[in-house]
Amino acid sequence: MTLRRQLLLIALVLAALPVSGWFTAREMQTALRAAEERAGVAAAQPLARAMQSWLPAPAAGRIVLPVHPSDYPRSIDGFADDWQPWFDFAQRFDARTTTLGFELQLVAWQRRLQGLLWVRDRTPGGGGRPADEIQLTFGSGWSFRITADVAGTARVERLDAAGGDVPLSAAWTRDAGRGYRVEFDLPLSLAGGTLDATVLDFGDGLPGSRPVVASTTTGSRPAALRFSEPARIAALETLAAPGTRLWFVDAAGWVLAVTSGEVEASAVGLRGWRRTVYRWLGSEEGGAAGLPEPGMDLRLGDGQITAALAGVSGSRLRIEPDGVRTLTAVPVMAGGTVRGALLAESPGDKLLLVSNRAFAGTVVTAVLAVALVSIGLLAYAGWLSWRIRRLRDAAERVAAGEATALPRVTASDEVGDLARSFERLVGQLDDYNRYLQGLAGRLAHELDTPLSIVRSSLDNLQDEGLPEDARRCVARAREGADRLAGIFRAMREARRLEESVNRAELGPVDLVALVRACTEAYGAVDTAHRWAAVVSHEAAPVTGADELIVQALDKLTDNARSFTPEGGQIELVVRRRGRGWWLGVRDEGPGLPATMAGHLFDSMVSVRDPGDGFHLGLGLHVVRLIAQGHGGKVTARNRRDGAGAEIGLWLPERPREVGTRRPRLVSDGSAAYTP
C-alpha cells in the first residue's frame, strides 16, 4: 500500500469527529424539539378547554351539511365554473341499489343560500316522458320540486301546503354522458336548520314506474345545516396571540372558525446551505405547501388535525418555502368525546433554530477541518512519495550505468539521511569500479614484460633439439602465450576506444546516407551474403561522430556474418523511434538465447560456438560504449518473424547534455559528465 493510501486511511479515522458531532447535534435537536412540542401543547390546551362551549350540538346521527361562507355570488345558470374552489369538498350521496348518485355543495353569500347538485344519471327524462325530480325540503317548512325539460330551463314548484310565491330560483343543465347539474338560490332566512335533498330517477320514463331515490336523509332524519358564526370568529380572534393563527374545526375536519392575519415563518439561520443541514438534522420534510390561506380552505386534512381528532395532541416544526412554522393541534372534548380540534399556527421557535444553526456550523466546521487535514496529509504524502521515487529513479539510473552519482540532498529528515547513505554507498562503489578499471590496464602493462620473456624462452627452446613430446608441450605453451597476448591486446584496444570516444568531436551525421554507403562497402567485400539497406525516411540527422558510428556498424555486421548462413540476407536498418533514430542490423541466424538477454552487451561475453575461433566478446560491448557516448542506448531482440535477431543502438537527434558538459565514458560502459 502506498504512502498516500496509508495517510488517506488515517484521514478517514479523523472523519469520526464530525460524525460524532453530527449525531450529538441530532440528539440535541430532537430534545429541543420535543421540549418545544410539549410547551406548544401545554399552551394550546387551555384554549381548547375554553372553546368547549362553542361546539355545535351533536347532529344525533344526522348527516352534517356545512354551509361555507363565500365572498362572491354564484350565477344561477346551471354551469359549475364558479364552484371550482369547492370541488374537492363536495359531499356525495348514492342510492342503495343502483348507480344513481349526486354531489352537493352549499355556500352562504350575504343573506342568500346557494347550492349545486351534480347528478349522475344518463336518463334524466323529459321530451314527453316523466322528468326526473329534485325535491328540497328545509327545516323552516319550505319545500320545493325542481324539474326540467330542456337544457337551461327549470320548473320550480312549491310542495308545502302554504302555497303562494316561489322564492327559489334554479337552473338545469345537462352534463353530456354523465348526468346533469342543478343550481339553486333562495333567501338564507328560509333555510332553517335542516335540509332534505332528494333526487328521484324515473328510469325508462314509463308512466307508473317507481322512481329510484338518492337522498341526504338518514332514516327519517334530514341532514343538519351548519353555518359559520361571526361571533365565534370574533371570540377566536381575542384568544390568538400576536403572530399566531388559530383554526377551529369540528369532528369531521370542517373549519368552523379561523383567525385572520399573517403568520411570519421564522427564518433564523435557514438561508442557503443551512436550510439543507437543518432538514438533515431530523426536522420535518420541506417543500410542502402547508396550510392554505383562510377563506380558500373548507376542510383541513393535515396530519396534526387527524391525530387531534383521534384524541392525540401533538406539535411539530414544518419547513415552508419562506421559513419554519410550528403547528400545534389539540382535541376539543365535550362529554368525554372528541367534538373538534384546535390548530395553532405560529412561527418556529427561535431558540431551537439558533441552536440548530450553531450545531450545523460546528459540524460543517469540523467537516471542513477534516477535509483540510486530509488534503494536507495527501499533499505531504505526495511530496514524500515524490522524494522517494526520485531517489529510486536515481539509484536505478546508477545501476543501469546511465549515471555515476545520486543527486545531492540537503534535507535533514530520515529520507535525506537515507539519500546521503545511498550517495556514500554509490561513491564507494564508484571508487571500487575505478580501481577495477585501472587494474585491467595495469595488469595488461605489467604482464606484458613477463609474457615477452616466456615467449622468447619458448622460441629458444623450439630451436633446441628436443624430443617429440617436449616439442608438443612447447607448442601448446606457445599457443597459450599467444592467447594471453591477444587478451592483453584486446584490453588495450578497448581502453583506447574509451579514450577515443571521450575525445571524439560531435557533428552532424545523416544515418541514411551513412547506412547506404556502408551497405555497398560490405556487399563488395562479403559476397557470401546478400546485403540490403532498409530506411523509413529520406534522411535521419543526428549529432555524433561518424567514425564511431561506422565502427559500431562494423561490430554489428561482424556479429551478423558470424550467425547468418551463406546466401542469407543481412539488413542495415534506420527507422524513427521517439525523438531519435534506431540504427541496427538484422540477420537470419538462429536468434538470441533467452539466458543472455540481460548480459549480451557486457564485456567478455560471447554467444558464439567456441569451435568458431577465439573471441573475447568485446564487439557488442564496444557498441554499447559508442551508443552511451552519444547519449543513446543499445537494444537486442529476436525478429518478430522468427527469422533471426536484430541488434542495434538508438541515437537521439541531439546528444544528452547538461549545460555545456558532454558524456564521458568510464571503462564499465557507464556515462558520466565532466566539463
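Taken together, the values in this text are just the output of simple stated rules run on the coordinates, not laboratory data. Given the structure is predicted, the values throughout are model-derived calculations rather than measurements. Note: ideal-geometry Cβ built from the backbone for every residue, glycine included; neighbour counts use all protein chains shown.
Using the per-residue mean of other Cβ atoms lying within 10 Å as a proxy for protection, in what order, highest first, do the peptides 504-514, 538-548, 642-652 fall? Show your work: numbers first, answer last.
On the way: 504-514: 15.8, 538-548: 17.5, 642-652: 20.5.
In descending order of packing, they fall as 642-652, 538-548, 504-514.
What ranking, highest mean first, results for peptides 6-14, 210-218 when packing means the other Cβ atoms within 10 Å averaged over each residue? Present the calculation step by step, with values, prior to reporting the outcome.
Numbers: 6-14: 13.6, 210-218: 16.8.
Packing proxy ranking, top to bottom: 210-218, 6-14.
Run the quick spin-label model on Asp417 and Phe79: label points 7 Å from Cα toward the beta carbon, then report their separation in nm to one decimal.
With each label placed 7 Å out from Cα toward Cβ, I get 9.6 nm.
Working out 0.36 nm times the residue gap between Arg96 and Arg424, then minus their Cα-Cα distance, what length gain in nm do you get to one decimal?
107.4 nm
Ranked from highest to lowest mean number of other Cβ atoms within 10 Å per residue, what is the order of the peptides 303-310, 571-578?
303-310, 571-578
Which residues in the stretch 362-385 place their backbone N less than 18 Å from a point set 7 Å from the Cα of Thr30 along the Cα-to-Cβ direction?
Answer for the stretch 362-385: none.
Please give me the summed charge of the neighbours of Thr635: other residues whose Cβ is under 11 Å from its Cβ, Lys and Arg +1, Asp and Glu -1.
Numbers: positive: Arg577, Arg624, Lys633, Arg637; negative: Glu646.
Neighbour charge sum, excluding Thr635 itself: +3.
How much length is gained on full extension from Tyr72 to Asp482, taking 0.36 nm per residue of separation minus their Cα-Cα distance?
Between Tyr72 and Asp482, full extension yields 134.4 nm more.
On full extension of the chain, what length is gained from Ser536 through Ser140, given 0.36 nm per residue of separation minus the C-alpha to C-alpha distance?
Gain in length upon complete extension: 131.1 nm.
Assuming R0 = 25 Å, what is the FRET efficiency of Asp463 and Leu443, from their Cβ-Cβ distance, to the nearest 0.05?
FRET efficiency, Asp463 to Leu443: 0.25.
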